[in-house]
Amino acid sequence: AQKVTQAQTEISVVEKEDVTLDCVYETRDTTYYLFWYKQPPSGELVFLIRRNSFDEQNEISGRYSWNFQKSTSSFNFTITASQVVDSAVYFCALSGGNSASKIIFGSGTRLSIRP
Amino acid sequence: GAGVSQSPSNKVTEKGKDVELRCDPISGHTALYWYRQSLGQGLEFLIYFQGNSAPDKSGLPSDRFSAERTGGSVSTLTIQRTQQEDSAVYLCASSSPGLARHQETQYFGPGTRLLVL
């Protein structure tokens, strides 16, 4: 069975602090995909990143970075120098390696950035 | 339009009534998904379409829920005899066709907020 665990329900930090959102996954597939989505107060899910199971190279995009470690089944997300606009619910998600497969979402982490 | 669109954006209905929710995927996307997000919860998969067929309906919670897709484009999710526990945000996503064993990214619409009184 596939499962995604986001143990941090809510995080609150002061603006400009760095913050890491944790994600641990379970799957028996040898090929799989991991995702992060952002859901701002407006409600629409915004795609942030997709990684496949064969690529453990960490990725940086501006203030965002992702650390994928198969050894610990983790796909953590770090925001550097956080800003108020980063306030949102962030979902980590997992899908299988089929050409089209449903996404299993974690329960989300609500991030609040205080000015 | 550029993104996935859904209508209505909000729907309030009385218990026992039927509702229809509509999704217009991104043009050219052959895969379409429906998810449900209950208040303060994560997303729950409902059904997946490839073209007009639905190879995975495993997430539909009961036989009161059904969905169809016509012309490989617009999809309608129908909930019959609505119950209060059906209240949630219903999200639609679409993805572009891909090679075998290549997962395409799903792009989500704004959702329909359903409230059953």
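The values are calculated or read from the model by the stated rules, or taken from the named source; none is laboratory data. Note that the structure is predicted; figures quoted are calculated from it, not measured. Note that each Cβ is placed from the backbone with ideal geometry, even for glycine, and that neighbours are counted across all protein chains shown.
Per-residue answers, yes or no, for (1) within 11 Å of chain A (Cβ to nearest Cβ); (2) among the polar types (S, T, N, Q); (3) without any contact (Cβ under 8 Å) to a residue 24 or more places away in the chain:
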{"residue": "B:GLN50", "(1), (2), (3)": "yes, yes, yes"}
{"residue": "B:SER66", "(1), (2), (3)": "no, yes, yes"}
{"residue": "B:GLY72", "(1), (2), (3)": "no, no, no"}
{"residue": "B:ILE79", "(1), (2), (3)": "no, no, no"}
{"residue": "B:TYR90", "(1), (2), (3)": "no, no, no"}
Checklist line | Residues (of a type in the set (Gly, Ala, Ser) and loosely packed, with under 14 Cβ neighbours inside 10 Å) located in the range A:36-70 | finding: A:SER42, A:SER61, A:GLY62
Check: Of (1) facing chain B (nearest Cβ under 10 Å); (2) in contact (Cβ under 8 Å) with a residue 60 or more places away in the chain; (3) at positive phi, A:GLY96 satisfies all except one. Which?
Finding: (3)
Check: Across the range B:7-44, which residue is modelled with the lowest pLDDT among those that are in a loop (DSSP other than H, G, I, E, B) and small (Gly, Ala, Ser)?
Finding: B:GLY40
Item checked: Residue identified as touching a residue at least 60 places away in the same chain (Cβ under 8 Å) and surrounded by 17 or more Cβ atoms within 10 Å (Cβ to Cβ) among B:LEU60, B:LEU21, B:LEU46 -> B:LEU21
Checklist line | Residues (outside any loop (DSSP other than H, G, I, E, B) and of a type in the set (A, V, I, L, M)) located in the range A:65-115 | finding: A:ILE79, A:VAL84, A:VAL85, A:ALA88, A:VAL89, A:ALA93, A:LEU94, A:ILE103, A:ILE104, A:LEU111, A:ILE113
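Is the range B:46-59 home to any residue that is modelled with pLDDT under 95, outside any loop (DSSP other than H, G, I, E, B) and within 17 Å of B:PRO110 (Cα to Cα)?
yes
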Next item on the list: Output the residues belonging to the range B:86-117 that are at pLDDT below 95 and acidic (Asp, Glu).
Entry: B:GLU104
Note to self: Just checking, does the range B:26-47 include any residue being away from chain A (no Cβ under 14 Å) and touching a helix residue (DSSP H, G or I) at 6+ places or on another chain (Cβ under 9 Å)?
What the structure shows: no
Next item on the list: Pairs only if they're at least six apart or on different chains, beta carbon under 6 angstrom, first in the range A:47-68 and over 17 Å from A:GLU26 (Cα atoms), second modelled with pLDDT under 85; list them, first residue then second.
Entry: A:PHE47/B:THR105; A:TRP66/A:GLU59
Check: Could you count how many residues in the range A:16-35 are surrounded by 14 or more Cβ atoms within 10 Å (Cβ to Cβ), at pLDDT below 95 and not hydrophobic (A, V, I, L, M, F, W, C)?
Finding: 5
Next item on the list: Please specify each residue of the range A:27-36 satisfying the condition of being in contact with a strand residue (DSSP E or B) (Cβ under 6 Å, 6 or more places away or on another chain) and without any contact (Cβ under 8 Å) to a residue 60 or more places away in the chain.
Entry: A:TRP36
